[in-house]
Each structure stands twice: as C-alpha cells, then as structure tokens.
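The values are calculated or read from the model by the stated rules, or taken from the named source; none is laboratory data. These numbers come from a predicted model, not from an experiment. Note: ideal-geometry Cβ built from the backbone for every residue, glycine included; neighbour counts use all protein chains shown.
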Amino acid sequence: MAAASVALLQGTLDVIVLKTLSWGPMHGFGIARWIQQTTDDALRVEEGSLYPALYRMENRGWVRSQWRITDNKRRAKYYSLTPAGRRQLEAQRSSWSAFSAAMGRIMDATSQPA
Amino acid sequence: MSVPNDEPRWRRYLRFWRSDPAADVDDELRFHLESRVAENLAAGMSADEARRAAAERFGDVHAVERSLASLTRERETVERRLAWGQVIGQDLRYAVRQLARNPAFTAVAVLTLALGIGANTAIFSAVYSVLLRPLPYAHAGRLVELREGAQGGGSMNVTAGNYEVWRQRAPRFVALGAYWYGAYTLTGIGAPQRLFGLEASADYWRALYIPPALGRYFGPAADQPGAPHVVVLSHALWTTTFASDPHIVGRTITLNGDPYTVVGVAPAAYALSTTAPEIWVPLALTPAQRDEHADHELTVVGLVRDGVPVSDAVRDLTAVQHELAHEYPRGGIDGSIVATPLRDSVVGAVRPLMLVLFGAVGLVLLIACGNVMNLLLARAAVRRKEVAIRSALGAARRRLMMQLLTESVLLAGLGGVVGIAVAALGLHALLRASPQGIPRLFEATLNAPVLVFAALVALLCGIVFGVWPALRATRLDLQQALREGSRDSTSAVRGSMRTVLVIAEVALSLVLLVGAGLLVRSAFALQHVAPGFDPRGLLTAQVALPAARYPTDSSTMEAFERIREAVQAIPGASSVALVSRIPIAGLGMDCPVWREGSNTNIESGVDANGRSATGNYFSTMRTPLLRGRTFDASDLAGSAPVVVINETLAHWLYGSADPVGRRLAHCSGGNPKWREIVGVVADMRASGLAEAPPNEVYYPTSQMRLSAMSLVIRAAVPPASLAPAVRSAVAGVDPELAVSGVSTMEEIIARSMATSRFTTMLLGLLGLTGLVLAAVGIYGVIAYFVSQRAHEIGVRMALGATRRGVSLMVLRQGVALAAAGVAIGLVASVAATHALAGMIYGVSTHDPATFLGVAAVLLLVAALASLVPAHRATRLDPLDALRGG
C-alpha cells in the first residue's frame, strides 16, 4: 500500500468515474471499490463525494442510472455511460494526456531557465 | 423477485405509482455503507470498528444527502418541463387534426372570433392611442393644466397678470408655460396663407419639451416685448409650405406683414390632433398685459418639480391664488386653482365616447364568444363517444379537459390571427371615417401593446368559452355514454346552458341596438333642428387684415367694405354680408350684459355673446327680423351706439316687453357703456346644432371693428362653385390677404356633427354585427332543438299533427328564447344607456320608442332565424324520424 496519498484535483473525480464506468454498468460502491483497487488506495476519495458527482453527471446526461438486483440479491442503483458521457471521457482523456506529458517534461527537465 | 429485508413493503407500492427520490437516495447510500461494513467485517474488524471505518471513509452522510436532494430537484424540474412540452405538443397536434377534420365548424368559429377579436383590437388601438398612450412630452407624467377657479363656479383661463405672479411665487413648478391662440397671415411664399399659431412663453418649451426637429426653440430673451421677432415652425408646415427646406433655420419669413426669423422646427409629435398649431411665436407680454388681472385669456401648463407631489405644488399655488383674490377682488377669481393632469385636459372630452365604443365592441365580443361556445357545446355532444372511449382507455379527466381546452385556445388563437387582419382593415376604415376633433386618434396603429391586447383577448376567449364545454364533455357517465352510442341522454341539462347562452346573446345585442337606436334617433332629431338661418346656398370665408398693412380703424373698415363689394360683384352672388364669426362655429366674445337700470355687478349680469355684423347679415342668412330695424348707413363710428339682440336675450332681459328703444351694456366691466337696442332678430344656433341658442348681441361693424371677419355669401348658383371667384375678388383688393376657411354653410353644419355621426355609424355597425351574431346563435340552437326532437316531431306527425302546427311549435321556441333575452336586455339597457347621456340630443336615454322598436326588431329576427329549422322540421319524414330515433 502506498503511503503517499494524492489530493484530488477538482473535476478529476468526474474523469475517474467516467473511466470507471467505461468498463460497464456499476453501482456507487463498486465504483469506489474499483478506484481503491486500481490506485492501490493512493487516491483517498471521500466516498460520499462520489454521489453528488454521479448525480450531477446524470443531470448533464453523461451517465444514466437504473435500479437492479445485485449478485447477492440486493437492490442497488447501477450507473452506466451514455454516448454523451463516452464523448466527454474521450475529450477529457486527450486533455489529461497533454497535461501529464507537459507536467512530465517539466518535472524531468535538465536545463535551467536561460 | 425478492424484497430487500429492511425496506418497508409499502414503499415498493409507492414506487409503482411514482418515483420517490428521497427514498431512492436513502436506499442508495444505505446500500453503499452496508456493503462497506460487510467488507470490513470480512477483513476481520469487529462490528463497531467496521461501522466506524465505513462512516469515516464515507464522509458527512447528511451533507451528501442534502446535496443529492437538491440535485434531484434540479433534475425533476427539467424533466417536468420537458414532459409538459411534450404533452402540449401532443395536444396541439391532436387539436390541429380535430379542427382540420371539421373545416366547416372551424371556419365558422374562427370567422366569428376573428370578427369579435378584430373589432375589439381596432377599437382598442384607438382607445390606446387616444386615452392610454402617454403624451409625447419629456415629462408627460408631471404636467398639469392650471386654471383659475371662477367666482360664479367653474374655472377660467388665467390672466396675464396672475400668470406673472404665479411664475414668481411658485417654486414647486420647474416651469409654467403659457399660451394663447393667434392667427397669422404668411405672405411671400405662394398664395397668402392663414396660419393657426400659438403665442407661447419661453417656459412653454421647458414644460412641454420634445427635442426640436431642427434648430432650437425660443428662450426668455426672445420672449420680451420689442425683442426681434422669431418663429418656430410646425413639422407639417415645414414639410408642406417650406418643402422640408434643410436651411430653414435663420431664414426670414413674413407674418402679418412683419419679418420673423425662423429659429427652429418643432417635431411632428407636437401635433396632438389634426387641428394643431402651425407656428409658435413668443408671447412677449407687455408691461400693461402683465398688470392685467381681469381678462382671463392664457392657457397655463405647469411642470411639477421632480419628487414633489402634484397636490403639494397645487396647494402652494392655491395659497398664492388666495392672495391674488384678495388683491384683485374684481378679477372674477375665487382664490382656488383647478388643476387637471394634462392628458385629461387633452382627451377628457372624448373619453366617454371612447369608453362607450370600447364597451360596445366588448359586447360584440361576448356575443361572438357565446356563439362559439354554443358551437363547442354542440360538438361536445357529438364527441361524447370519443371522449368516453379515451376516458375508458385511461385518460384522466384533467388530461381530457386539457386536450379540449387546447382545442378551444387554438381556435381562439386562429381567430386572433385572422382577427388582427380584420383589425387592420377595421382600423383603416375607422381612421378614414374619423372626425377631426378627436385628439391623437390619427396616430392609432396596430403596435405592440395593441397586439398584446389582441393576444390576451384571444387567450381569454379560448379559456372562457372552452372551459364549460370541456367540463360538460368530460363529466359523464362512461358506461351510459358507451352503451347509448352518440345519443345525447343529458340533452336537457346541456340544452339549458345553450339556451342561457342564446338568451344572453339576445340581451347583449338588444343593449347594443338600443344604444345605436338612441344615437340614430338623436341624429334624426339633430337633422330637424332649425338652425335659425337657411344654410342652403350659403358660402362663407374668412379674411384677416394684418395690422402692419391696415393700422387704423378706418383703413380696416374701408378695406372690408371694398372686399364685400368686390365679392358682391361676382355673378351668382346675390347678397354678401360680413360677420365677426359665423353661427354653428362657436362663440366669439362671451361676457356679461345688463339692461339699463339693473345692478351692474358681475354676479347679477348674464353672459351674452357679441358679434359684429353688417346690416344685411340677417337678410343674407334669411334670419327674420322680429322687431325694430337692423343696422343701416346712419349707424356710424361716431353716432349713437346701437345693437341688435336675439330673441333669447330679449326674453331674458325684458320678458314679453318690447326691448326696442331700451339700452343695455355689454362687455364693459364696472363702467357701463349704454347702447340702444334698435332691433330683435330670431335665434341662430351658435355652437353646433345640439346646443341651445345663447344670448347674442350684434354690433354694427362700424362700431365694433375687428381685423378678421367672415364673408357670408348667399349664392344663386351652387355655393361651392363661387369659391375661386371669392379668392380672386379678395386678391383683387389686396393680393397679400389670406382667404381661409372657404366652405359652404352646409359643410360647416355637417362638420359640427361629424363626431356624433362617427359614433352613430360605429355603434350602428356594432349593433348590426351583434344582431347578426345573435341571429346565428338563435338559428343554431333552434336547429339543434329540431334535430334533438326529431323523434318527438315524428311521433307528433304520425299522430296527425299538421305541418303548420309543427312549424309553429319550432317558431315558438325561437321567439320564446328571444323574448327572454329581450326582457333581460331591456332591463340592462335602462342601466347601460346612461353612458350615452352626454352624446344624444332631443331624445331621452330611456326613449320608449327606441326600446320597443329594437325589441320588436329582435323578436322578428328571432322568428326569421327560426324559420329555416321550422321549415326543416315540417319536411321530416315521420317514418325516418321514428326509425332513426
């Protein structure tokens, strides 16, 4: 388990959730668990903050929700990506790549400013 | 499907009906926390630990719940709006299909509504333009017309002296503008032209400010006696006479023979009516005028200071006026101020007229709505089955009503659209027919407020006449309706509403027709008023002699005599006279008169109007000389002062005694100048035909000289044909003289009745529209009655009823309905015709002949409208009727 935890940038939660849902429909707890597992708990998300993010994205039409029965026979609300959500994820992915590449170049820079 | 153990069972059912967002949020978060606890337990924590760790990891549950609740509300609002849009869209499409399926019904309903809405919109555009629109001035809301309360009651214009005092002692007014009328002759540009002008103070422009179209207005420096003459032109005069000359400012023009420099052009907005001023020149009160406290001549408009209540400003001014009343007890003022918002003083006189028209056109709309409602009710009966089926398929009553209302509102909307076209035509006709005297009417257009009005009226109509049929159509016993098919089993109830509607329509149209009838009767009465002279074959024209060219009394007298002789020489002119002001056109100088020997205090005098006339004036007018003589060559400027009086004044002053040889004083204040009465003439109507003849005193032209006189020409040929000859005859005497107001006496009388003719025409038109609509309504209900009673009629005929009997039965139904409406309408008319009190002449507002005549007309029309269905009833084949029932 990584000792360092990364403070979450505003708006990144949306991207993380969209990415999570790109694997298929998932309930809120499932999303939390997936983030935890994927990042080895490096991103300490307050799990409660997931839900406003989900609702907001539902209002924007990026995700849709549906009540279903889980494998162990409980009712849970499942979220899935809408086509608009998928487009949003793609848009975010390219800007994140550009951002992280730029950050990487800065952090790895070997020449001092002229 | 298993049910979660901890969820109350009822909640599931609740969710079946509608989603329960709060419960959903609750469920979702609980699921999350319970899953986390379960995982923690599986990892080996104790129950307490597991719960605490889960809660810690989750954060503030309540905060999350709150934010989810608000996000949910946001979403629901959006969804609800979308759903509404869909429902309305659906209803509209359905309504369009329904209306398209019944083109005849739709056309009749839309046209009826278009007539009602269009007429209302046209009249409203006039009402808006005349009554509601703010005046064009920059500070229109703070303008008041100020008049002086008179000792004998009522109010008067303001004396120049009092006006000067007001200006000095009324700090709560930004400006006190004053003016009186002045007539000017413009020469040097085409033919000499008589101009209607205002002599206005510099403050006039500050009070009644609208930015000038060109140049500037005149200020205090120009508003002084002896200052160089300046003039402001009206927009109309500038565009016509001066051909919109862009370099007009600074040009010098000749008015009354004197040079005036044009300083500016006022914008067109200053023209509040078709008789608007053409020029403004400075009032330039002389020191003598500023000391005048008895001659009430000025019209004063005050602009109240911003933030000061009008009542405060007027109270201050009243205190000043009170002092003036003490200071000048002979000034005729009682120390009070009569302040009227300027808009009221501009349009006050025509307000009742506009309101009567607006009310009448509103009645027409109600009748139109009644008809459409009847159509909808008839259709509701036909559509019972459709409604029943939709209702059986699960449509809620509210939903069905919405659907039906959408249809009626759509119908009204279509009626509104066509109605605006009707309004455009109507307004065009209205403006063409409108008399000159109604201020601001000529500017009426179908502008935004008028269109909003039309839309509101249409919407209101759609809802008002739609609700009842929709309620009716959707309140029904499903099983019965389905079982019986389209037979209307509750026709008695529904029939009664339709009956009520038709009775109301008849009553409303009776009110309209009684109003129109009274006006028509009044017009006839006016036509038979003897004016006191013979207007046929009379031509009149005004000539003014500018003081610059005719400075002395003898020069004006000589000039007028030469003009009279020149006109007299025209072939076809059999007699030519001069008078200071022709009858019908109004009073000239109205002031107190006393007979010799009576008290000469103003209070005890009676007012009489003075005119200056040549001796042959009465014979030219064919007004009989009742006693004594008229003026002759012996009545010279220097000889004994004489007058001729009219019959009314003779009776007032002397009763049945002979006034000839007695003496009276007129317009001579506290120091009477006695004049001998040499003759008595018959009365002439002085201000229109409707007003009773006033007291009149005639002076010989030699003893009362005025610079402007009217020619009265008795023609042996059609009088209008003499007009060019009259102009050239005057030009022959002096080419610089303006001849104005050339018209026949019959035209002048017609013009004086233009407003009442306009009202009569409009109300008559509205009355006829109402009558036709009511007739259609009666026809519809009786036709419905026949179709409903087909079975019964069949039975009657099978049992031996004659066609005549059947026909009479149907007719009786129609006439009975109309009779009920007539009875109600008569009662309503008694109240409603009060509104016409000031508009009718020679007939009482409760004139029995009009009331009974209109009632008879309505009953007759009702009988006629019932004839077609009655005839159809007699053509029923008893066998068909019985089988079909």
Report summary line: Contact list, first residue from the range A:62-81 and more than 8 Å from chain B (Cβ to nearest Cβ), second anywhere and among the β-branched types (Val, Ile, Thr) and surrounded by 14 or more Cβ atoms within 10 Å (Cβ to Cβ), beta-carbon distance below 7 Å, six or more apart or interchain, is A:62/A:82; A:63/A:82; A:64/A:82; A:79/A:63; A:80/A:63; A:81/A:63
Requested in this report: Scan the range B:819-843 and report the pairs whose first residue is at positive phi and whose second residue is crowded, with 16+ Cβ neighbours inside 10 Å and among the charged types (D, E, K, R), with Cβ atoms within less than 8 Å and a gap of 6+ or a chain change.
Outcome: B:842/B:521
Query raised in the report: Regarding residue A:43, is this residue under 30 Å from residue B:77 (Cα atoms) and under 14 Å from the mean Cα position of the chain (by Cα)?
Result: no
**Report entry** For residue B:448: the one exception among (1) over 30 Å from residue B:784 (Cα atoms); (2) modelled with pLDDT under 90
**Finding:** (2)
Query raised in the report: Hey, any hits in the range B:539-561 for a residue that's within 30 Å of residue B:846 (Cβ to Cβ), surrounded by 15 or more Cβ atoms within 10 Å (Cβ to Cβ), touching a residue at least 12 places away in the same chain (Cβ under 8 Å) and touching a helix residue (DSSP H, G or I) at 6+ places or on another chain (Cβ under 9 Å)?
Result: no
Query - Test result for residue A:101, over 15 Å from the mean Cα position of the chain (by Cα), surrounded by fewer than 18 Cβ atoms within 10 Å (Cβ to Cβ) and either free of Cβ contacts under 8 Å to residues at least 12 places away in the same chain or away from chain B (no Cβ under 14 Å) (or both) - result: yes
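For every residue, the table says whether it meets (1) touching a strand residue (DSSP E or B) at 6+ places or on another chain (Cβ under 7 Å); (2) under 30 Å from residue B:819 (Cα atoms); (3) modelled with pLDDT under 85.
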position: B:426; (1), (2), (3): no, no, no
position: B:431; (1), (2), (3): no, no, no
position: B:442; (1), (2), (3): no, no, no
position: B:461; (1), (2), (3): no, yes, no
position: B:486; (1), (2), (3): no, no, yes
position: B:496; (1), (2), (3): no, yes, yes
position: B:502; (1), (2), (3): no, yes, no
**Report entry** Extreme residue, farthest from the other protein chains (Cβ to nearest Cβ), among residues of the range B:78-109 that are among the aromatic types (Phe, Trp, Tyr) and more than 40 Å from the chain's Cα centre (by Cα)
**Finding:** B:94
Query raised in the report: Which of (1) at pLDDT below 90; (2) crowded, with 20+ Cβ neighbours inside 10 Å; (3) in contact with a Phe, Trp or Tyr (Cβ under 6 Å, 6 or more places away or on another chain) does residue A:68 not meet, given it meets every other one?
Result: (2)
Report task. Confirm whether residue B:150 is within 14 Å of chain A (Cβ to nearest Cβ), out of contact with any helix residue (DSSP H, G or I) (no Cβ under 7 Å at 6 or more places or on another chain) and farther than 30 Å from residue B:412 by Cα. Result -> no
Query - Only listed residue being over 30 Å from residue B:405 (Cα atoms), assigned to a helix (DSSP H, G or I) and in contact (Cβ under 8 Å) with a residue 60 or more places away in the chain, chosen from B:68, B:131, B:92 - result: B:131
Query - Hits in the range A:71-98 - residues which are surrounded by 16 or more Cβ atoms within 10 Å (Cβ to Cβ) and under 14 Å from the mean Cα position of the chain (by Cα) - result: A:79, A:81, A:85, A:88, A:89, A:92
Query raised in the report: Restricting the range B:26-77 to residues that are surrounded by 13 or more Cβ atoms within 10 Å (Cβ to Cβ) and β-branched (Val, Ile, Thr), which is nearest to the other protein chains (Cβ to nearest Cβ)?
Result: B:64
Query raised in the report: Are there any strands (runs of 3 or more DSSP E) wholly within the range B:251-313 with 3 or more residues that are surrounded by fewer than 16 Cβ atoms within 10 Å (Cβ to Cβ), and if so which?
Result: B:258-265
Report task. Spot the failing condition for residue A:18; the list is (1) surrounded by fewer than 12 Cβ atoms within 10 Å (Cβ to Cβ); (2) at pLDDT 90 or above, and only one is missed. Result -> (1)
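Quick grid of which residues meet (1) on the phi > 0 side of the Ramachandran plot; (2) of a type outside the set (Gly, Ala, Ser):
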{"residue": "B:168", "(1), (2)": "no, yes"}
{"residue": "B:178", "(1), (2)": "no, no"}
{"residue": "B:187", "(1), (2)": "no, yes"}
{"residue": "B:190", "(1), (2)": "yes, no"}
{"residue": "B:193", "(1), (2)": "no, yes"}
{"residue": "B:196", "(1), (2)": "no, yes"}
{"residue": "B:201", "(1), (2)": "no, no"}
{"residue": "B:210", "(1), (2)": "no, yes"}
{"residue": "B:213", "(1), (2)": "no, no"}
Query - the range B:382-412, residues that are small (Gly, Ala, Ser) and surrounded by fewer than 22 Cβ atoms within 10 Å (Cβ to Cβ) - result: B:391, B:392, B:394, B:395, B:396
Query raised in the report: Do you know which residues across the range A:52-61 are more than 8 Å from every other protein chain (Cβ to nearest Cβ) and either over 13 Å from the mean Cα position of the chain (by Cα) or assigned to a strand (DSSP E or B) (or both)?
Result: A:60, A:61
Requested in this report: Restrict the check to the range B:267-277 and report whether at least one residue is at pLDDT 95 or above, touching a Ser or Thr at 6+ places or on another chain (Cβ under 9 Å) and of a type in the set (A, V, I, L, M, F, W, C).
Outcome: no
Query raised in the report: What is the residue count in the range B:292-337 for residues that are out of contact with any helix residue (DSSP H, G or I) (no Cβ under 8 Å at 6 or more places or on another chain), of a type in the set (A, V, I, L, M, F, W, C) and over 15 Å from residue B:142 (Cβ atoms)?
Result: 1
Report task. Looking at (1) over 12 Å from the mean Cα position of the chain (by Cα); (2) surrounded by fewer than 23 Cβ atoms within 10 Å (Cβ to Cβ); (3) modelled with pLDDT of 90 or more, find the lone condition where residue B:127 falls short. Result -> (1)
Report task. Test each condition in (1) farther than 20 Å from residue B:864 by Cβ; (2) out of contact with any helix residue (DSSP H, G or I) (no Cβ under 6 Å at 6 or more places or on another chain); (3) surrounded by fewer than 20 Cβ atoms within 10 Å (Cβ to Cβ) for residue B:789 and report the one that comes out false. Result -> (3)
**Report entry** Boolean, residue B:339 is within 26 Å of the chain's Cα centre (by Cα), closer than 30 Å to residue B:821 by Cα and at pLDDT 90 or above
**Finding:** no
Requested in this report: Check B:202, B:213, B:170, B:183 and return the single one that is at pLDDT below 90 and either out of contact with any Leu (no Cβ under 7 Å at 6 or more places or on another chain) or over 28 Å from residue B:325 (Cα atoms) (or both).
Outcome: B:183
Query - Within the range A:22-51, considering residues that are surrounded by fewer than 18 Cβ atoms within 10 Å (Cβ to Cβ) and modelled with pLDDT of 90 or more, the one nearest to the other protein chains (Cβ to nearest Cβ) - result: A:25
Query raised in the report: What residue, of B:771, B:737, B:722, is of a type outside the set (D, E, K, R), modelled with pLDDT of 90 or more, surrounded by 21 or more Cβ atoms within 10 Å (Cβ to Cβ) and more than 30 Å from residue B:542 (Cβ to Cβ)?
Result: B:771
Report task. Out of B:539, B:510, report the one residue that is in a helix (DSSP H, G or I) and of a type in the set (A, V, I, L, M). Result -> B:510
